[in-house]
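What follows is a short report on a single structure.
Just so it is clear, none of the values below were taken in a lab; they were calculated from the coordinates. This structure is a prediction, so every number in the text was calculated from the model and none was measured. Cβ: placed from backbone, ideal geometry, glycine included. Neighbour counts: every protein chain shown.
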Amino acid sequence: RQPPPKRQREEPVIDVDALERSYPLPRCFGSRDFMEKHPPRVADVERAVILDMGPAARQQELARDAAAMIRLMETALVLNDEQGSSTREVEKLKAWNEKLEAKALKLDNELIDLRGKQENFVAQVKELRETRDALDKAKNDLGDSEAGRAEERKSFEEELDKLQSALVPTDNANDRTW
């Protein structure tokens, strides 16, 4: 015996898998007139759900949807403003960074200059010490030389005195003739 024929369902079948998968949004940025060329339409299943709602349920659903749209606009505005704020903050930080880099470059140049001056100062101090040591040695040599010359002068003076006393005529010296 054959099974009884199947009855046609009166309710439309809802494809649950189709509802759970992601779907692309219309290309409104790439094609600005997309919505004019392809006006949106409501699926028959959704139309049936909306028409089955009572006026109070529809009003409640519209209020929730309107609140969701307002929250979405608020979120977009805040995030857009935050992006602008972030961009301004990045620009401020870039300017600050450039100032710091310029200051660091200036300080590097000053450091190089000061190191050069330090090398010159060290060389001058070394030269000054060498000059001072040479001056001290010259003073010592001069002192020794003066002391030696004083002794030599004293001995010359003694010699001169002896010679002068030898040349001084004595009483007996008049008797002698040369």
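In Å, the Kirkwood hydrodynamic radius of the stretch 27-166 over pairs of distinct alpha carbons?
When all Cα pairs of the stretch 27-166 are included, the Kirkwood radius is 27.2 Å.
Excluding same-chain pairs closer than 8 in sequence, count the lysine pairs in the stretch 24-160 whose Cα atoms lie under 30 Å apart.
Here the count comes out as 13.
If you plug each phi of the stretch 156-161 into the Karplus form 6.51 cos²θ - 1.76 cosθ + 1.60 with θ = phi - 60°, what whole-Hz ³J(HN,Hα) values come out, in order, with x for Gly and Pro?
Along the stretch 156-161, the couplings run 5, 5, 4, 5, 5, 4 Hz.
At a Förster radius of 45 Å, what calculated FRET efficiency corresponds to the Cβ-Cβ distance of R27 and I112, to the nearest 0.05?
The value I calculate is 0.15.
Could you give each residue of the stretch 40-50 its phi-based ³J(HN,Hα) in whole Hz, using Karplus coefficients 6.51, -1.76, 1.60 with θ = phi - 60°, and x for Gly or Pro?
Per-residue couplings from phi come out as x, 9, 9, 5, 4, 5, 5, 4, 5, 5, 5 Hz.
Taking the Cα centroid of the stretch 99-149 and of the stretch 55-72, what is the distance between the two, rounded to the nearest whole Å?
That distance is 88 Å.
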